[in-house]
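Working notes, structure below.
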Protein chains: 2
Amino acid sequence: MLRLGPFAAAAAARCLPAWPCLGPLCLAGSRGSFARSWLPAGDRGPLSRQVRAAAGGERVPVLKTPKGTRDHPPAQAALRERLLSAVVSCFKRHGAAAIDTPVLELRDTLMGKYGEDTKLIYELQDQGGELLALRYDLTVPFARYLAMNKVTNMKRYHVAKVYRRDNPAMTRGRYREFYQCDFDIAGQFDPMIPDAECLKIVHEILSDLQLGNFLIKVNDRRILNGVFAVCGVPENKFIPVCSTVDKLDKVPWDEVRSEMVGEKGLSPEAADRIGEYVQLHGGLELIERLLQDPKLSQNKLAKEGLGDMKLLFEYLTLFGITGKISFDLSLARGLDYYTGVIFEAVLLQQENEHVEEPVSVGSVAGGGRYDGLVGMFDPKGRKVPCVGVSIGIERIFSILEQRLEASGEKLRTTETQVLVATPQKHLLAARLKLISELWDAGIKAEMLYKKDPKLLKQLHYCEDTGIPLAAIVGEQELADGVVKLRDVATREEVDIPREKLVDEIRRRLEP
Amino acid sequence: MLRLGPFAAAAAARCLPAWPCLGPLCLAGSRGSFARSWLPAGDRGPLSRQVRAAAGGERVPVLKTPKGTRDHPPAQAALRERLLSAVVSCFKRHGAAAIDTPVLELRDTLMGKYGEDTKLIYELQDQGGELLALRYDLTVPFARYLAMNKVTNMKRYHVAKVYRRDNPAMTRGRYREFYQCDFDIAGQFDPMIPDAECLKIVHEILSDLQLGNFLIKVNDRRILNGVFAVCGVPENKFIPVCSTVDKLDKVPWDEVRSEMVGEKGLSPEAADRIGEYVQLHGGLELIERLLQDPKLSQNKLAKEGLGDMKLLFEYLTLFGITGKISFDLSLARGLDYYTGVIFEAVLLQQENEHVEEPVSVGSVAGGGRYDGLVGMFDPKGRKVPCVGVSIGIERIFSILEQRLEASGEKLRTTETQVLVATPQKHLLAARLKLISELWDAGIKAEMLYKKDPKLLKQLHYCEDTGIPLAAIVGEQELADGVVKLRDVATREEVDIPREKLVDEIRRRLEP
């Protein structure tokens, strides 16, 4: 079934040690031929044999998740569920429907969409059949979906995992497998109305989550291209120069300038002219000023972009959110497919005072207009204009996680309402019968999986896991046809007639 | 970035047509060298060029999801959300916490766990670094998680996608990418208490979903192994013979017998002796009879298994669910890792009378005890006994989908409560201001993305998408400081003072 590759076969023949250095660090970092020359596990027989061998002093197989990925234990999963549900409820508030697409896409669907980042796509082994890859984002699959189903009008959200063979920076919330939360509006509409709604959504989510002060930077690819044109950049260098400008949020202008002149081959004069524009940021007054700019106002694209930017600011004023919006000419966004408005939200400061070293989080949301992407998939090139936003859930999660840790608050990982307990031995049957009644009535109930657990142990379990009530059946309660209902926090106990137990539990747990 | 493989390079050199037959059928089925010899898309430049070429009469790139996978458009996504939430609420009712693990696992983690099915694992291309694969189920990652984190005691659920390079049978709900919904209890407990709870969960979920009559078949690997032993099967043939027995639900005994004798090399006498046992099914009385069986009662494993089966039936009697449980000696389950109780739920008949050709669905839930799997990952081989259940959500989804279609009922795909509308032109600003107030108050609201939509069009949109209310602001309403609230179904309209609008909407939409 599994074939021995030539390299592996050679290694086996030369009797190399069966388990070369397999420490997690070694594995994570190794890209050499040695790492790839191990005999695949499938050729070694079941792992149980390996473990038995390990007990005899040999090396054990690596016990880890792949580089850049992580498990979410219950406390993290519960926090993530809360966070995702806040984001999704905002998307639903704005009338979006959910769709789901496969994690796998045809390799050809993804190629040629992400510029330089195409190299970060995970490809599947050719095992016969189609050539496949893991999705890199949710936007390209959405465009593929629209073209494939000839949908020309849709407001959808999609919360799912995406994959990038990037250099992980896990403490900053950068992973190789991570969730994206996307909201997009596809369709031919009047200018800037859907675009304004996307910014409103970012504003609502970041406000709801109380992440501290934030700023949403806005720009337009048409304005940037107009700037490049009037500064004398040849059209074929727009995209490379754009990705250089994109670095302005991390490095100072001097460095960006020398990359433009050195790597990208601009004249120093052109670079200086660009510098004058891309360091500008402001609001409506800046838009007005640029609309009067003698050079820029002559450029058709820039004029269109500035006109729309003005309209956008009008709408954002009606939404009452311009206080956190900055028209910022240095914002460029990495991806090729943007054609109009682009935006990115950044947290201005960390307000979790308890934390000594605040997490550096970078941008927490981003998006823009991509009017050409769907057309790239349509056999006749029919375009469907789209605008959308992606919430950087992993970075937000890192902040909330650290904040929760600092607060010492313990998040409940289950929703159990009642523990069914017994105070004496030989009452397993009574517990099973009672818990079954509770489950059938829709009560969230647990019991310990021991025949005869001590009462104290059962009550400790309630305290440890935050279960608010214990329903206790002993010999006396059985004889009397009652159940002793105990409030775990106050330790108060009351006998409740068995037939009234479900109602009493519901009453006690009403919000 | 992308290297030209020798085969692709040769094809390019020989000037083969750039786009050999790419019809979906051809692609899906092709496993020959030709299919694999295409020039990768990355070497052909961006797809936009391909599309432009296509407009000139050449072939277009394939627009599809990978074989055996599918998109979920909004109606399906909404139905799936309902279904998953019913399953998850049952898991929560039983006190399970959520965990999440990566879709990617180290290849070595998965190898040697699935017997013959190991060949169905999707492997990732070696792009440098670790050798990775897509998870085949949620059980092996759970065992890896327990061993890695030295967790010896946990009740968890996990709802996520898994991947199998199987032959898809999509109409029967069999896909290459599909959701699994797993509930597992890990820990050293008194016998059969967690096992009984798993069966209770299957019973609750299948009852809640009203899928029609069902049967849960139960057996125990120890009983099966005991049967094989007393019938004279050598121990090294237990697993192969077990997978032959597993086919009894699909093919008649004669065929199973000839596979045993032919392929698996059993003596005809041994096969016949097995046949006498594995065709038995019943309840407590069958367990009692087998406990008295002169041969089986002499076998230690079988005796243990039968004793535990008796205990299980006692507990299931207390849960009141034995009516739908059958102790069935033909049940074997495909996977290697089971060590004790195994079970599988099947629907007995399709009750959707509207449907002419009922979906053939097979088993809709399955699981069992796997006490050795965690130990396979632990460096010291420490065992953590586990028992769990997996709900076959895709098959259930197929049934519900077909039933919904037959009923003609239309599922709402959004939750929008109010459409903000205007009856005259030049009122976009009024709509934007009002909708922003509603969003900020937590009301789910939409508006059309047109500057001046016709009122009729706005009201039609409500009817089409099931929005119950329209909040209409015209010139008169603006002057009067009111909003006209329209009940879409009854067409009744009332003027509401603007400051009372939010409360009135909430009041109207109370359940």
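The values are calculated or read from the model by the stated rules, or taken from the named source; none is laboratory data. Quick caveat: nothing in here was measured; it's all calculated off a predicted structure. All Cβ positions, even for glycine, are placed from backbone atoms using ideal geometry, and neighbour counts span all protein chains on display. Note: areas computed on protein heavy atoms with side chains; ligands, DNA, RNA excluded. Shrake-Rupley method; radii C 1.70, N 1.55, O 1.52, S 1.80 Å.
Of the residues making up segment A:476-507, those that are open to solvent by less than 60 Å² (accessible area, probe 1.4 Å) and among the acidic types (D, E) number 3.
Of everything listed in (1) surrounded by fewer than 15 Cβ atoms within 10 Å (Cβ to Cβ); (2) at pLDDT 90 or above; (3) over 30 Å from B:V140 (Cα atoms); (4) of a type in the set (K, R), the single unmet condition for B:K410 is (2). Helices (runs of 4 or more DSSP H) fully within segment B:120-235 that include at least 2 residues being within 10 Å of chain A (Cβ to nearest Cβ): B:139-148, B:193-208.
Given the criterion among the acidic types (D, E) and touching a residue at least 24 places away in the same chain (Cβ under 8 Å), identify the matching residue among B:E197, B:E123. None of the others qualify; the one that does is B:E197. A:G442 meets all of the listed conditions (1) under 41 Å from the mean Cα position of the chain (by Cα); (2) outside any loop (DSSP other than H, G, I, E, B) but one, namely (2). Looking across segment B:93-119 at every residue that is open to solvent by 30 Å² or more (accessible area, probe 1.4 Å) and at the interface with chain A (Cβ under 7 Å from one of its Cβ atoms), the one that is farthest from A:E81 (Cα to Cα) is identified as B:K119. Which one is nearest to A:V151 (Cα to Cα), of the residues in segment A:377-392 that are in a loop (DSSP other than H, G, I, E, B) and over 15 Å from the mean Cα position of the chain (by Cα)? The extreme case among them is A:V384.
Determine if segment A:402-414 includes at least one residue that is more than 9 Å from chain B (Cβ to nearest Cβ), closer than 30 Å to A:K155 by Cβ and part of a helix (DSSP H, G or I). Checked segment A:402-414: no residue is more than 9 Å from chain B (Cβ to nearest Cβ), closer than 30 Å to A:K155 by Cβ and part of a helix (DSSP H, G or I). Looking across B:E105, B:E123, B:E116, one residue alone is more than 26 Å from B:V151 (Cβ to Cβ) and at pLDDT 95 or above. It is B:E123. With respect to being at the interface with another protein chain (Cβ under 9 Å from one of its Cβ atoms), among the hydrophobic types (A, V, I, L, M, F, W, C) and either in a helix (DSSP H, G or I) or open to solvent by 60 Å² or more (accessible area, probe 1.4 Å) (or both), A:A429 fits the description. With the structure loaded, tell me whether B:D184 is in contact with a His (Cβ under 9 Å, 6 or more places away or on another chain) and at pLDDT 95 or above or whether it fails that test. Yes; evaluated as a whole, the condition is true for this residue. Counting only residues that are open to solvent by less than 10 Å² (accessible area, probe 1.4 Å) and either in contact with a Cys (Cβ under 6 Å, 6 or more places away or on another chain) or not aliphatic (A, V, I, L, M) (or both), segment B:340-350 holds 2 of them. The set of residues in segment B:415-426 being buried (at least 20 other Cβ atoms within 10 Å of the Cβ) and either within 21 Å of A:L312 (Cβ to Cβ) or within 13 Å of chain A (Cβ to nearest Cβ) (or both) consists of B:T416, B:Q417, B:V418, B:L419, B:V420, B:T422.
Output the number of residues of segment B:261-277 satisfying the condition of being assigned to a helix (DSSP H, G or I) and either of a type in the set (G, A, S) or over 24 Å from B:S297 (Cα atoms) (or both). Looking only at that region, the number is 4.
Residues in segment B:211-227 that are open to solvent by 10 Å² or more (accessible area, probe 1.4 Å) and under 16 Å from B:Y338 (Cα atoms): 4 in all. Residues of segment B:445-456 that are part of a loop (DSSP other than H, G, I, E, B), at the interface with chain A (Cβ under 7 Å from one of its Cβ atoms) and open to solvent by less than 50 Å² (accessible area, probe 1.4 Å): B:Y449 alone.
Residue count for segment A:256-289 under the criterion of being over 20 Å from A:I216 (Cβ atoms), open to solvent by 60 Å² or more (accessible area, probe 1.4 Å) and either under 31 Å from the mean Cα position of the chain (by Cα) or touching a residue at least 24 places away in the same chain (Cβ under 8 Å) (or both): the result is 2. Considering (1) more than 9 Å from every other protein chain (Cβ to nearest Cβ); (2) under 19 Å from A:R395 (Cα atoms); (3) hydrophobic (A, V, I, L, M, F, W, C), the lone condition that A:A75 does not fulfil carries the number (1). Screening segment A:181-210 for residues that are among the β-branched types (V, I, T) and buried (at least 23 other Cβ atoms within 10 Å of the Cβ) and picking the one that is nearest to B:L448 (Cα to Cα) gives A:I185. Any chance segment A:326-339 includes a residue that's open to solvent by 50 Å² or more (accessible area, probe 1.4 Å), assigned to a loop (DSSP other than H, G, I, E, B), touching a residue at least 40 places away in the same chain (Cβ under 8 Å) and in contact with a strand residue (DSSP E or B) (Cβ under 8 Å, 6 or more places away or on another chain)? Checking segment A:326-339: at least one residue is open to solvent by 50 Å² or more (accessible area, probe 1.4 Å), assigned to a loop (DSSP other than H, G, I, E, B), touching a residue at least 40 places away in the same chain (Cβ under 8 Å) and in contact with a strand residue (DSSP E or B) (Cβ under 8 Å, 6 or more places away or on another chain).
Yes or no, residue by residue, for (1) over 22 Å from B:I239 (Cα atoms); (2) open to solvent by 30 Å² or more (accessible area, probe 1.4 Å):
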residue: B:Q298; (1), (2): no, yes
residue: B:G305; (1), (2): no, no
residue: B:F313; (1), (2): yes, no
residue: B:T322; (1), (2): yes, yes
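Take B:V374 and tell me if it is at pLDDT below 95 and either within 30 Å of B:R273 (Cα to Cα) or in a helix (DSSP H, G or I) (or both). Judged against the criteria, B:V374 is not a match.
Evaluate the following for A:R395: is it outside any helix (DSSP H, G or I) and within 30 Å of A:Y157 (Cβ to Cβ)? Spelling it out, it is not the case that A:R395 is outside any helix (DSSP H, G or I) and within 30 Å of A:Y157 (Cβ to Cβ).
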